[in-house]
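All remarks here apply to the structure that follows.
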Amino acid sequence: MQAYSLDRPERLRAHLARERQLYQVQPDGQGGRHWQLTSAGSLCDFQADAEPPPFSAKSFFFAERELLFRFDGGHFYSALPDVAAQVLFGLHACDLVAVAYQDQFFAGDPHYQARRQATLLVGLDCLHSCAGGFCSTLDSGPAVRPGSADLILLPREAEEADWLLLVASEAGRDALVGLSLDPASADWQAEREANSARVAREQGEQRDVVEGIAALNAGRIDAATWEELGLRCLACSGCTSVCPTCSCFAPREQADEHGGVQRERVWDSCLYESFQREASGHNPSATAGLRVQRFWAHKFGDDFKASFNRYGCVGCGRCDRVCPGGIGVHGVMHRVVQR
Amino acid sequence: MRVTPSICTFCGVGCGIGLRVEEGWVIGVEPQPGHPVSQGQLCAKGWSSSFAVDPGNRLTTPLIKEHGRFRPASWDEALQRVADEFGAALQALGPQGVGVISCARATNEDNYAAQKFARAVLGTHNVDHCARICHSPSVAGLARTLGSGAMSNSIADIDLAEVILVIGADVTENHAMIGARMLRAQARGAKLIVVDPRKTRLARLADLHLQLRLGSNIALLNGLLQIILANGWENRAFLAARCEDIEPLRRHLAGVTVEQTSAQTGIAAADLERVAYLFSHAKTAFTAYGMGITQFQSGTNNVIAVSNLVLACGQIGRPGTGINPLRGQNNVQGACDMGCLPNVYPGYQAVSDPAVRAKFAAAWGRPQSDQSGLTSLGMTKAALAGELRALMIMGEEPVLTDPDQNHVASALAALDFLVVVELTLTETARMADVVLPAVAFSEKHGTFTNCERRVQRIRPAIAPPGTARGDWQILAELATRLGCRGLDWADAEAVFDEMAQLTPSFSAMTYAGLDLHQGLQWPCNAANPQGSPVLHVEAFPIGRARLLPVSQVEPDELPDAEYPFAFTTHRLHFHYGGGSMTRKSPLLERETPAALLFMHPEDGIALGLRDQQAVGVRSRRGYLETRVHLTDDVPRGTLAMPYHFREAPCNRLTNGAQDPVSKMPELKACAVAVVPLAVGVAPRAQAGAWQESAHASL
């Protein structure tokens, strides 16, 4: 990987924003942080915040609600998005692994791919662990994983030191044309290893998670345990909304006043009772326990690991934060292991 | 994408949300991280809010009914029609002949404008809203015992409680973020006690579930209190310092035995004693209750019985304690606070007080009537008697949510003129002569007040559909046409400022202050400029609190040979009110169960019913058909139905018998009979429906 020294990440940002729509996480002044359009001339700082934003970058590619097609009674009209070149600036390693995971799931989806192909991904290594993360345990961070980003920003322990910029793809290299950068002199490999070791220490052993995954795959979690967990699931859809790898959607059809129909697709949640209910009323996942079990099997099942070459959980901890029932990933794994 | 901070519009919890907007379209909703109430979480309804405000079936233009059909009309024509009709009614019957039903979903600004419109423009105190059918007994009961009907404490006090007592509230489903907070409190060691005739989710997770017989609340609360008094577990220091004499209550309860209480409520004596011990010995006990206390003909006395128990144990006036009625709508607290009640002006300033009337007459420049106003059910009755001619309903759906549907529908049909201000063409709007399209919460500025008295701002995220207008702007236009310019505010903040100026408990509140503190809890005045998280710390509004003797009152209608089942109503986590917003979500709509009548499996066997089989349900007031869901959520002999669904509107069955004090109808208990329909037959949605064609006046 080519490595450069970068005096200020804002200089790179301004360069990339010249020919692309650039998005960066910014605070909203009300306690929230969101991916926001940021202009080339923006004066706002770019900060290496260890906390990922409450929402991952999922919705940039797999839209929360989108029109799929229109039908006017005779013809179908595609609603394929026309996406201008864009760049996501400062994605954490965990969220990038999730994008790579979704890339596999939506490999044949033209709507997803139209957005994805138009996007340059600029990753950000973490120097410290975020509050609830456990990327070290799940091989998804804190260093941006090879192949998951086009460019990687590497903040430094020493605040006055220049940032480092790693080129991680051809698209990344092309994007730097016209930006003057000096080659890096620091031993960036050693720094990344030290960062990873530090974050792993901060995140600890994660014994509940490790043992919980083993128990799940060994079939050692009984139905009664799943039902106890299911009783705490309100089916709010929070976890599936914030999970960066959740990909379920439902169709929504609306008739227009001229006899036509438009079909939207909207984020769905497998925790809803009706998610798998069949027209006859039969439901293969009729109980809340079965549905909670299925959700976690998708995140930690070895079968899924075999298909996607990794677990479906990237260790961001967002489900812990949004779950009103206290059965986000740590809640579930703790209860499972305690039995 | 832009994210506009706002407040969820479903229940009274008041969760902080961000509206995610793309190209003028709310594509989603996210929880506001670090919000003092919701702490970065939401329930299923909150997460689905984007569909609720979808332009899909929103009204975009005023509608006028001609020959039984609606036609689009200009604002000018529609407003003039409304003004003319109200003018005619006023001329014919005077101010008592017109009324306004305001809305617990609308903002404080809209509600302030609604009661000002009624009182200053129409000259009547005939203004009410649906608090009548949720917490009017709390307002009445707690006014008698404490002097204030709102939650005495804050939601965050749950974090400080040793014991959490929940009575008649399905908190994880209806106030999910409060339920979640209770579960977190239990996980850190608090004892969770749930009193409910149904095995709710929270009841199943509780340390103790008292599954009382439907309608035996006072027997239970009196029984618990008598155990406490008999053992000397009451808080004597608190009683001596803060309450009036408990002796009359002590004498009233002297004859009550544990065995009697057990027999009346169906709860084992040991459980009664354990709960009495835990509640009285806890350093901090947080008491929350819901419709399972208020929606009875004994609603006010039920509230008083809760208050007696809490006062006797001194579990109020400190952090981690309190009497906490959980309010239903996002702004039902605010609609009450704003004076959309026939007997009070904003801030509960009594209409009966000549000085108060004089103050508002001077401020508004309009004489104030000394004739008492009608409640919403009073207006229904007056309409049937021909004594109320013109009615405005803002955003409420009484046809689905009031008791005895056929009665309500025929009352609305008996009016000379009905105008409904709505987002969509609801069942109630269909009965109107004129329908005016309103803007949704995502399209306007304003404030909502959650159940812990926290006033919070909402902001426009998108443009309204078509020509829809804000409620207070509509009222201002009508006022002008009726010859009163007093509602011509420049913006929502100006409405708020006028209200705060006339309302002592809001006197130090401003929009800027609300922004700074993530909302402020009233009273917020010179003495409490940062608001008041805990009430009654030093004294009660009436000075010393009152412990008032009350006795068990059975439901008006008990099961008998003809109607053998006790029948109650409830709500589902996924739906809200009449479903006009939640049912627009394809996901929440999909969650609607096919079977809506909840019945114990053994009752099912006794009737020869299979799960999901179609049944007819009949009460003395109406009939409907649905499918039966066999579940041990309900005990034997008791049936329950959620009230969200127009296909099977359970309020066609419920009883209009009223609490004599608050006029709360007894929505929570009546008697029904169940008739199995043949296997394979589908229930008919229209069976038993009120027929418009059957009505002579149309």
Margin query: Taking all protein chains in place and a 1.4 Å probe, what share, in percent, of the accessible surface of region B:411-515 do carbon and sulfur account for?
Written below: 48
Check: What average count of beta carbons from other chains do you get within 10 Å of the Cβ of residues in B:583-595?
Finding: 4
Item checked: Expected 222 nm ellipticity per residue - DSSP helices of 4 or more, -39500 (n - 2.57), all of the protein assembly as shown, to 500 -> -9000 deg cm²/dmol
Notebook entry, point to check: Of A:G32, A:G326, A:G281, which is the most mobile in a GNM of chain A whose springs link Cα atoms less than 10 angstrom apart?
Noted result: A:G281
Note to self: If you average the alpha carbon positions of region B:615-661 and of region B:511-532, how far apart do those two centres end up, in angstrom?
What the structure shows: 42
Item checked: chain B: projected area of the alpha-carbon convex hull, averaged over directions, in nm² -> 28.5
Margin query: Counting heavy atoms of the protein chains only and a 1.4 Å probe, report the per residue accessible area for region A:207-338 as a whole number of Å².
Written below: 41
Next item on the list: Determine the share of region B:109-257's accessible area contributed by carbon and sulfur atoms, expressed in whole percent, with a 1.4 angstrom probe.
Entry: 51
Margin query: Which one, B:G14, B:T61, B:N111, is farthest towards the positive end of the dipole of chain B when Lys and Arg carry +1 and Asp and Glu -1 on their Cβ?
Written below: B:G14
Notebook entry, point to check: Where in chain B are the DSSP H helices whose alpha-carbon span along the long axis reaches 30 Å or more and whose Kyte-Doolittle mean is at least 0.0?
Noted result: none
Check: Per the Cauchy relation, a quarter of the hull surface: what is the mean projected area of the convex hull of the alpha carbons in region A:207-338, in nm²?
Finding: 9.7
Notebook entry, point to check: In region B:595-638, which trypsin sites (Lys or Arg not before Pro) are in a loop and have at most 16 other Cβ atoms within 10 Å, using DSSP for the loop call?
Noted result: B:R610, B:R620, B:R636
Item checked: Ellipsoid semi-axes in whole angstrom, largest first, where each is sqrt(5λ) of the Cα gyration tensor of region B:136-325 -> 22, 19, 17
Check: In region B:511-634, what % of DSSP beta bridges are antiparallel (nearest 5)?
Finding: 60
Margin query: Taking 30 Å as the cut-off for C-alpha to C-alpha distance, list the pairs among B:K191/B:K663; A:K58/B:K191; A:K58/B:K45; B:K65/B:K381; B:K584/B:K663; B:K444/B:K584 that go past it.
Written below: B:K191/B:K663; A:K58/B:K191; B:K584/B:K663
Next item on the list: Would you work out the charge dipole size for the protein assembly as shown about its Cα centre, treating the Cβ of every Lys and Arg as +1 and the Cβ of every Asp and Glu as -1, and quote it to the nearest 20 debye?
Entry: 1360
Note to self: At a cut-off of 40 Å², which residues of region B:18-43 become less accessible once all protein chains are present than in their chain alone, using a 1.4 Å probe?
What the structure shows: B:R20, B:W25, B:I27, B:E30, B:P33, B:Q41
Next item on the list: Within 10 Å, count the other beta carbons around each residue, average over each peptide in B:566-572, A:187-193, B:503-509, and list them highest first.
Entry: B:566-572, B:503-509, A:187-193
Notebook entry, point to check: Using the heavy atoms of the protein chains alone and a 1.4 angstrom probe, what is the accessible area of region A:2-203 per residue in square angstrom?
Noted result: 44
Check: Assigning unit charges at the beta carbon (Lys, Arg +1; Asp, Glu -1) and nothing else, what dipole magnitude in debye, to the nearest 20, does region A:1-62 show about its Cα centre?
Finding: 220
Notebook entry, point to check: Along the charge dipole of region B:12-153, Cβ charges K/R +1 and D/E -1, which of B:I101, B:Q80, B:A52 sits furthest on the positive end?
Noted result: B:I101
Margin query: At a probe of 1.4 Å, how much accessible area disappears from chains A and B on forming the pair, both sides counted, to the nearest 100 Å²?
Written below: 3300
Item checked: Interface residues in region A:5-46 - accessible area drops by 50 Å² or more relative to the isolated chain, probe 1.4 Å -> A:Q30, A:H34
Margin query: How compact is the protein assembly as shown by the rule of thumb for globular proteins, expressed as Cα Rg over 2.2 N^0.38 Å?
Written below: 0.97
Notebook entry, point to check: Taking square-rooted eigenvalues a ≥ b ≥ c of the alpha carbon gyration tensor, is chain A rounded, prolate or oblate, where a/c under 1.5 means rounded and, failing that, a/b exceeding b/c means prolate?
Noted result: oblate
Next item on the list: Write down, largest first, the equivalent ellipsoid semi-axes of region A:2-203 in whole Å, where each equals the square root of 5 times an eigenvalue of the alpha-carbon gyration tensor.
Entry: 31, 20, 16
Margin query: Just the number please: accessible area per residue for chain B, 1.4 Å probe, all protein chains included, in Å².
Written below: 31
Margin query: On a straight-distance basis, which lysines could pair with B:K359 in a cross-link, Cα separation under 23 angstrom, same-chain partners fewer than 8 positions away excluded?
Written below: B:K116
Notebook entry, point to check: Along the positive direction of the dipole of region B:565-693 (beta-carbon charges: Lys, Arg +1; Asp, Glu -1; about the Cα centre), which of B:G622, B:A673, B:L587 reaches farthest?
Noted result: B:G622
Item checked: Cα centroid separation, region A:145-207 to region B:551-579 (Å) -> 64
Next item on the list: Report, in whole Å, the centroid distance computed from the Cα atoms of region A:236-257 and region B:312-372.
Entry: 42
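The values are calculated or read from the model by the stated rules, or taken from the named source; none is laboratory data. It should be emphasised that the depicted structure is a prediction, and the values quoted were computed from it without experimental measurement. Glycine gets a Cβ as well: all are built from the backbone with ideal geometry, and neighbour counts include every protein chain shown. Ligands, DNA and RNA are excluded from the accessible area calculation, which covers all protein heavy atoms including side chains. Shrake-Rupley method; radii C 1.70, N 1.55, O 1.52, S 1.80 Å.
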